[in-house]
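In what follows, a single structure is set out as structure tokens and then discussed.
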2 protein chains.
Amino acid sequence: MPPLDTAAERDKSDASGAPCAHCDMGEQAFCHGLSPEDVRRLVAILGTAGVVAGTTIFREGDPALNLYSISAGAVKLYKLLSDGRRQITAFLFPGDYFGLSLQGGYAYTAEAMADTSLCRFPRRKLDLLLDEIPKLEKRLLGATIHELTCAQDQMLLLGRKTAREKVASFLAGLWQRLCAKAGTSQIFLPMSRSDIADYLGLTIETVSRTLTSFKKEGLVSLPDASHVVIRDRETLVRIAEGG
Amino acid sequence: MPPLDTAAERDKSDASGAPCAHCDMGEQAFCHGLSPEDVRRLVAILGTAGVVAGTTIFREGDPALNLYSISAGAVKLYKLLSDGRRQITAFLFPGDYFGLSLQGGYAYTAEAMADTSLCRFPRRKLDLLLDEIPKLEKRLLGATIHELTCAQDQMLLLGRKTAREKVASFLAGLWQRLCAKAGTSQIFLPMSRSDIADYLGLTIETVSRTLTSFKKEGLVSLPDASHVVIRDRETLVRIAEGG
DNA sequence: CGTATTATTGACCACTCTCAAAAAACGTGG
DNA sequence: CCACGTTTTTTGAGAGTGGTCAATAATACG
């Protein structure tokens, strides 16, 4: 199956006619803060797509035709070595963008971890819009700077943290992004142990052992393989920071 | 000694009066492709500074007041854990920028590895100019995307490459940046073994041992601690890519 | 030239990986 | 709904890459 990237677009807006009615992202939305007129222009160029878990959205090296934003679901980005070793560079969730690239080719592969809804912005049309809507360009720059900051944190993790610190960082970070607002302590993990390992620069065995160890220490509960309940976040954060 | 970041600015232009006459960066320059009028406006807000090797330009967490571009010298960016473990996230050379940050604080510490000449753009004034010179904002976005791409490559290196592959990647990458154009095979290393180790997620002993091993295999020569001569770049690149 | 710093080399060890097997979870069809 | 096969996760034993500690060598600097 070819990647989604080159597939035909779906409808450009909901039947309701309300632009972005399908997307209640609030201030995380791509279009947040734009005038209704600018939103209309943005909606005019975007296409929406729903993809099932496991779909490859595009591959590293493919011509970078589109910028994507996630309205529901979860996506992982990764790079491969020739012998199959894999590094996942980011787990993305609603409100996140991906697909920005210089010189033509995507720098990584993007794959849906769960059933996912996407907004697709054709790069060619978006570039024209960016000239007309400076606010949009500012937003894109801000998002990219944020991504870069996250990448630098991840470099610190990959280069200098122990397995325990890596897993603790991962759980604390995921809680912060997915649960902090909602106030719950149970994290749903849309990714497999293999994904977590390839994100943290570990093996699945080490990830599993470390989680079991955290459970035995009373820091977390593991109701099933795809749920983690944070029992002692303070200690977890202390471990994450090397304390 | 306080970081340079808050120090008073030097002269805004050379005595010659020619804007950016001190900076023959060609197409790598921040101002490349701008109209003379735009260059003038840019020069009007920048300050230049020369710093000696070892100078801390700013620290992680300091209020992010400035954006810097390097016109000569070399700079390293790094993040620290509370117990002193360090990850160098980038080595920067003439033409590179640093200091971009969201929400107020710098995300990393910046330190000159060699005597270095900098252009300093006060963030407040630069933000105003960005609104007026869209080309400049595009350039900044492009540079940030490039940084992000480099960061993703480095994540793959840190998470999934062996010590040999890491050191080979480092040498091949540095050659590409510093020597490819000039056509020389000798790389000057402005950074210490400790810096290289903290960039690659290794110890100085492993870096040293790996370099010695490359020397014994005839891949490089090591005339002195701060010079590497690439003798077999093809093999080095093959090792770097895990082949 | 002497001292301090940095780099190299060596011996040993531990954290994490590899290989292997058991257990659990999942999906499918009867 | 349950039996079956497949996949994923967990657990165990052993090994290896790279780290730690220590000593020596080389270099930089006053």
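The values are calculated or read from the model by the stated rules, or taken from the named source; none is laboratory data. Remember, predicted model here, so these are calculated numbers, not experimental data. With ideal geometry, Cβ positions are generated from the backbone for all residues, glycine too; neighbour counts draw on all protein chains shown.
Observations on the model:
- Scanning segment A:95-147 for residues that are assigned to a helix (DSSP H, G or I) and either under 15 Å from A:Ala49 (Cα atoms) or facing another protein chain (nearest Cβ under 7 Å) (or both) yields a total of 10.
- Total residues in segment B:167-187 satisfying the condition of being among the charged types (D, E, K, R) and either in contact with a Gly (Cβ under 6 Å, 6 or more places away or on another chain) or more than 27 Å from A:His146 (Cβ to Cβ) (or both): the figure is 1.
- Residue satisfying all of: in segment A:184-201; surrounded by fewer than 17 Cβ atoms within 10 Å (Cβ to Cβ) and within 16 Å of DNA strand C (Cβ to nearest atom); farthest from the other protein chains (Cβ to nearest Cβ) among these: A:Gln186
- Matching residues, segment A:56-69, being surrounded by fewer than 23 Cβ atoms within 10 Å (Cβ to Cβ) and among the hydrophobic types (A, V, I, L, M, F, W, C): A:Ala64, A:Leu65, A:Leu67
- Matching residues in segment A:32-71 - criterion: being of a type in the set (A, V, I, L, M), part of a loop (DSSP other than H, G, I, E, B) and at pLDDT below 90: A:Leu34
- The set of residues in segment B:165-183 that are within 15 Å of DNA strand C (Cβ to nearest atom) and either within 13 Å of another protein chain (Cβ to nearest Cβ) or outside any helix (DSSP H, G or I) (or both) comprises B:Glu165, B:Lys166, B:Phe170.
- Test: B:Arg85 is surrounded by fewer than 19 Cβ atoms within 10 Å (Cβ to Cβ), at the interface with chain A (Cβ under 10 Å from one of its Cβ atoms) and touching a helix residue (DSSP H, G or I) at 6+ places or on another chain (Cβ under 9 Å): yes
- Count - residues of segment A:202-219 that are part of a loop (DSSP other than H, G, I, E, B) and either within 13 Å of chain B (Cβ to nearest Cβ) or of a type in the set (Val, Ile, Thr) (or both): 2
- Considering B:Leu128, B:Leu136, the condition of being surrounded by fewer than 15 Cβ atoms within 10 Å (Cβ to Cβ) and either under 14 Å from the mean Cα position of the chain (by Cα) or away from DNA strand C (no atom under 16 Å from the Cβ) (or both) is satisfied by B:Leu128 alone.
- When each of A:Ile45, A:Ile57 is tested for being away from every other protein chain (no Cβ under 14 Å) and under 18 Å from the mean Cα position of the chain (by Cα), the lone residue that passes is A:Ile57.
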